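One structure is given below, encoded as structure tokens.
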Amino acid sequence: MQTKIWNVRNNVDDLSGYPQVQEIITGFKQDEIIAIPTETVYGLAANALSEIAVDKIFKAKGRPQDNPLIVHIYEKAQINNFARIPDGKVHRLMDAFWPGPISFILPLQKDILASSVTAGLDSVAVRMPSDKIARQILKLTYLPLAAPSANTSGKPSPTTADHVKFDMDGKIYGIVEGFQVEVGIESTVLDCTSYPYKIARPGAITKEDLERVIPGCITTAHYQTEQPIAPGMKYRHYAPDSPMALVSDMDQLRLETHEALIAPRSELPRFDGFMTYALSETFEDIEGAMHNLYSALREMDQQKEITKIYIADYSHITGSDALMNRINKATSGK
Ligand code: TXA
Ligand code: MG
């Protein structure tokens, strides 16, 4: 399949000025799968009402069938067609953080969405992205769009259109080419099927952010169950090809040739002459580190001579939970 590329970088504010916009909209209506930018990571989107369309996503990604997808919407009113907002508190959280980088797991209304979207669960994750391009596409199609991250399963999520091309060229109908995403890691996933709510996947919106709106609304109890609440969390994700190790004490690190270091720029001068990647400016710059993490991991995969990757431990910094969740996944088992 020849993947169509639609570069909309000059039309971010108003897609209607983009000559091929109708081709994108029609593609979705005809069960094609199309990668689109969102503020978190690029998504691989399809009409969530169509089993045929959603199956194409699982195929293109090589994604396990038991891992459900997030459904993206333009406005809250669309939710009533396929799910239920349990109470007023969920409404308040949605109003506080949407459009934005958080997905809410809600009770599902049966037999409306394609069954593979929810992997047979009786709940569905819903998100209203803030990215301008994503919002316009969601408005113009007015379809609920199922969209996982647009990477091959097991690879880091794509934060640029080039990452998407690298993984998906020839496998999908098209790629809407925007700029590098703003946030850089996937949305917070909040399970709202019981109270207090549970963070099923940490993201840029934190427990503290949520509790500023509704004090005490997030359970701190460790969620213990056979099955992780976000099924995707059990798979090894975000991992580069080379073995990767976490460095807690920079002073102890002795790099060798063919070893690389991903760390704050402020730590790099003493590793002059070695392969390094500035993940953020300083340790405190968590937003910068989230923004750059997946590009760093993908860049390391391109350097075939690298035999080992070291990455700085940011866990001593407040607000580093989501970042460290992704870093720990990339280093785990290696
Ligand atoms: O930022 C994001 O969320 C991106 C962009 C494209 O929106 N999407 C994304 O989708 O990261 P994906 O499929 O890569 O991750 C979805 C996560 C998985 O861990 C999945 O298991 C979990 O959400 N999930 C989806 N529906 C669920 C449900 N009903 N119950 C529990 N977990 C669910
Ligand atoms: Mg993913």
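Derivation of every value follows stated rules applied to the coordinates shown; laboratory data play no part. Please read all numbers here as calculations on a predicted model, not as lab measurements. Here the Cβ is made from the backbone with ideal geometry for all residues, glycine too, and neighbour counts use every protein chain on show.
With r as the distance between the Cβ atoms of residue 80 and residue 51 and R0 = 22 Å, compute the FRET efficiency 1/(1 + (r/R0)^6) and round to 0.05. Here the calculated transfer efficiency is 0.55.
Taking only Cα atoms, what is the 0 to 90° angle, nearest 10, from helix 286-302's long axis to the longest principal axis of the chain? The angle comes out near 80 degrees. Applying a DSSP loop filter and a limit of 15 other Cβ atoms within 10 Å to the GluC sites (Glu not before Pro) in the range 239-291 leaves 256, 281. The range 301-332 and the range 258-282 have Cα centres spaced 13 Å apart.
Amide H contacts of residue 43 (H built 1.01 Å from N, in plane; Pro and chain starts excluded): 36, 38, 150 sit under 5 Å, all sequence-distant by 5 or more or on other chains.
Sparse packing (at most 16 other Cβ atoms within 10 Å of the Cβ) combined with a DSSP loop state is found for none of the chymotrypsin sites (Phe, Trp or Tyr not before Pro) in the range 287-323. Here the simple spin-label model places points 7 Å from the Cα toward Cβ, and for residue 152 and residue 1 these points are separated by 1.6 nm.
In this structure, the residue pairs whose Cα-Cα separation is over 22 Å, taken from 110/155; 132/329; 110/139; 59/110; 29/171, are 110/155; 132/329; 110/139; 59/110. Stokes-Einstein diffusion for the chain at 10 °C, viscosity 1.306 mPa s, with a Kirkwood radius from C-alpha pairs, works out to 78 µm²/s.
Between helix 88-97 and the chain there is an angle of about 60 degrees, using the helix long axis and the longest principal axis of the Cα atoms.
Restriction of the trypsin sites (Lys or Arg not before Pro) in the range 88-154 to DSSP coil positions whose beta-carbon has at most 15 other beta-carbons within 10 angstrom yields 110. Could you list the residues of the range 159-190 with an amide nitrogen less than 19 Å from a label point located 7 Å from the Cα of residue 20 in the Cα-to-C-beta direction? Correct set: 160-180. A simple spin-label model places the labels of residue 9 and residue 266 3.2 nm from each other, with each point 7 Å out along Cα-to-Cβ. Rounded to the nearest 0.05, what FRET efficiency is calculated for residue 87 and residue 305 with R0 set to 51 Å and r the Cβ-Cβ distance? About 0.40, to the nearest 0.05.
What does the helix-only formula give at 222 nm for the chain: each DSSP H stretch with n ≥ 4 adding -39500 (n - 2.57), the total divided by the residues, and the result rounded to the nearest 500 deg cm²/dmol? Mean residue ellipticity at 222 nm (helix-derived): -7500 deg cm²/dmol. Between residue 254 and residue 162, the simple spin-label model (points 7 angstrom out along Cα→Cβ) gives 3.6 nm.
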